[in-house]
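The values are calculated or read from the model by the stated rules, or taken from the named source; none is laboratory data. Because the structure is a prediction, the values reported are computed rather than measured. Every residue, glycine as well, gets a Cβ built from its backbone with ideal geometry; the counts of neighbours run over all protein chains shown.
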Amino acid sequence: MGVTDRKMSSAAGELERGLLGEELSGVTFVRDYLQLQFNPPRVLNALTPVTVTTASASAILGEPDFANLLIGQINKCVRAVEFSESVACRLIFDDRSVISISLKPEDYVGAEAIYFRGDGTGVVE
């Protein structure tokens, strides 16, 4: 396992420990990123493109239905956190809906794709 793999694995583990079983309690649209709030103090900042997928629809940040689909995730509980290196971080909810945050290198606008603050602090690169 290389240094990058260890960093990813460590941050992924911290994110999973911090979010499993937690409800999405709020969303904030910031100028150039999206903030997901999980029963404070847990906050996840998504700095790359985000997709919301439900049983009936899917939308990417910037598309007309995105905000409503994302707001519809509030009060849902995180069932699983999946990482596919250089592809996406997926938050899977009890109803099988998904919030997916891109980890594709071409989508990064800075050093991180995700910044998570929970009991500790983690950064996914």
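Among the residues making up segment 18-58, those that are surrounded by 15 or more Cβ atoms within 10 Å (Cβ to Cβ) and charged (D, E, K, R) are E22, E23, R42. For segment 60-73, state whether one or more residues are more than 18 Å from L15 (Cα to Cα) and touching a helix residue (DSSP H, G or I) at 6+ places or on another chain (Cβ under 7 Å). Yes, segment 60-73 has at least one match.
Taken over segment 74-91, the criterion of being of a type in the set (A, V, I, L, M), surrounded by fewer than 17 Cβ atoms within 10 Å (Cβ to Cβ) and over 18 Å from T28 (Cα atoms) is satisfied by A80, V87. Starting from segment 1-26, keep only residues that are over 12 Å from L44 (Cα atoms), then list their pairs with residues that are at pLDDT 85 or above and in a strand (DSSP E or B) whose Cβ atoms are within a distance under 6 Å, requiring at least 6 positions of separation or different chains. Between residues of segment 1-26 that are over 12 Å from L44 (Cα atoms) and residues that are at pLDDT 85 or above and in a strand (DSSP E or B), the close pairs are A12/F83; L20/V78; E22/F38; E22/V78; E23/C77. If you go through segment 53-68 and keep only what is hydroxyl-bearing (S, T, Y) and in contact (Cβ under 8 Å) with a residue 24 or more places away in the chain, you end up with T53, T54. Here is a check on your reading of the model: is I99 surrounded by fewer than 15 Cβ atoms within 10 Å (Cβ to Cβ), β-branched (V, I, T), modelled with pLDDT of 95 or more and closer than 20 Å to L15 by Cα? Against the criterion (surrounded by fewer than 15 Cβ atoms within 10 Å (Cβ to Cβ), β-branched (V, I, T), modelled with pLDDT of 95 or more and closer than 20 Å to L15 by Cα), I99 does not qualify.
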